[in-house]
Amino acid sequence: VTSSPDFEKLVTAVARPMLVVTTVAGTARAGCLVGFHCQCSIEPPQYAVWLSKANRTFEIAMLAETYALHFLDEGDLGLAELFGTVTGDDEDKFERCSWHPGAGGVPLLDGCTTRMQMSRIAMHDAGGDHVCFVLAPRAVDLADDVTPLESTELGDLSAGHAAEERRTRH
Ligand SMILES: Cc1cc2nc3c(=O)[nH]c(=O)nc-3n(C[C@H](O)[C@H](O)[C@H](O)COP(=O)(O)O)c2cc1C
């Protein structure tokens, strides 16, 4: 089954809060803007993010153990743009923002203090262009007064990698 205009219309009409997911494997750091994410268990607490098979972040995430989920605030359009439109294949995004290492060396963005540092529980590939990473929280930081940056407020950002690009080199 291929995507239909009505499916597209419905899923883009519904506002989704935006995340920046960062991760690290060895000395390789990666991160991208993510709109596909949600809590997926209460007890134990678990949170799922879906990463595109086209992204460099996916490649590093498969090798990684720690992840940071940054919940963007309405003032974080610059971070959304940096992590959503630039690919780490071309540029080091971490040279263009302020960050420090958290658990296991995972990059924590100084500009976004509502975040969770996570460990990986499972990965699930349902055959689509994104893969589900099920994560458990190790540490949670919640800033006061967060107004989530939502997908409907982003304007027209052009993703660093289109989802239909699949990686062929390995
Ligand atoms: C509005 C928007 C939502 C996005 N949602 C996701 C997502 O849920 N998962 C994902 O892996 N990539 C998503 N992307 C794409 C990546 O953020 C983008 O391709 C990024 O440049 C990839 O960088 P990388 O190659 O360094 O990983 C989204 C991009 C935009 C603009």
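The values are calculated or read from the model by the stated rules, or taken from the named source; none is laboratory data. Keep in mind it's a predicted model, so treat the numbers as computed, not measured. A quick note on method: Cβ atoms are made from the backbone with ideal geometry, for glycine too, and the neighbour counts reach across all protein chains shown. All accessible areas refer to the heavy atoms of the entire protein, side chains included, with ligands and DNA or RNA removed. Shrake-Rupley method; radii C 1.70, N 1.55, O 1.52, S 1.80 Å.
Restricting attention to the stretch 83-108, the residues being among the acidic types (Asp, Glu) and near the ligand (Cβ under 6 Å from one of its atoms) number 1. Working carefully through the options Asp76, Asp145, Asp125, find the one that is away from the ligand (no atom under 15 Å from the Cβ), of a type outside the set (S, T, N, Q) and either closer than 19 Å to Pro17 by Cβ or free of Cβ contacts under 8 Å to residues at least 12 places away in the same chain (or both). From the options Asp76, Asp145, Asp125, the qualifying one is Asp145. Before we move on, is Ser41 open to solvent by less than 30 Å² (accessible area, probe 1.4 Å), under 20 Å from Gly128 (Cα atoms), at pLDDT 95 or above and touching a strand residue (DSSP E or B) at 6+ places or on another chain (Cβ under 9 Å)? No, not satisfied.
Looking only at the stretch 109-132, filter to residues that are among the hydrophobic types (A, V, I, L, M, F, W, C) and not in a strand (DSSP E or B); which one of those is least open to solvent (accessible area, probe 1.4 Å)? The selected residue is Cys112.
The listed residues are Gly78, Gly88, Gly31, and the only one of them that is within 16 Å of the chain's Cα centre (by Cα), open to solvent by 30 Å² or more (accessible area, probe 1.4 Å) and farther than 15 Å from Pro137 by Cα turns out to be Gly78. Only residues that are in a strand (DSSP E or B) and either buried (at least 20 other Cβ atoms within 10 Å of the Cβ) or within 8 Å of the ligand (Cβ to nearest atom) (or both) were counted in the stretch 44-65, giving 5.
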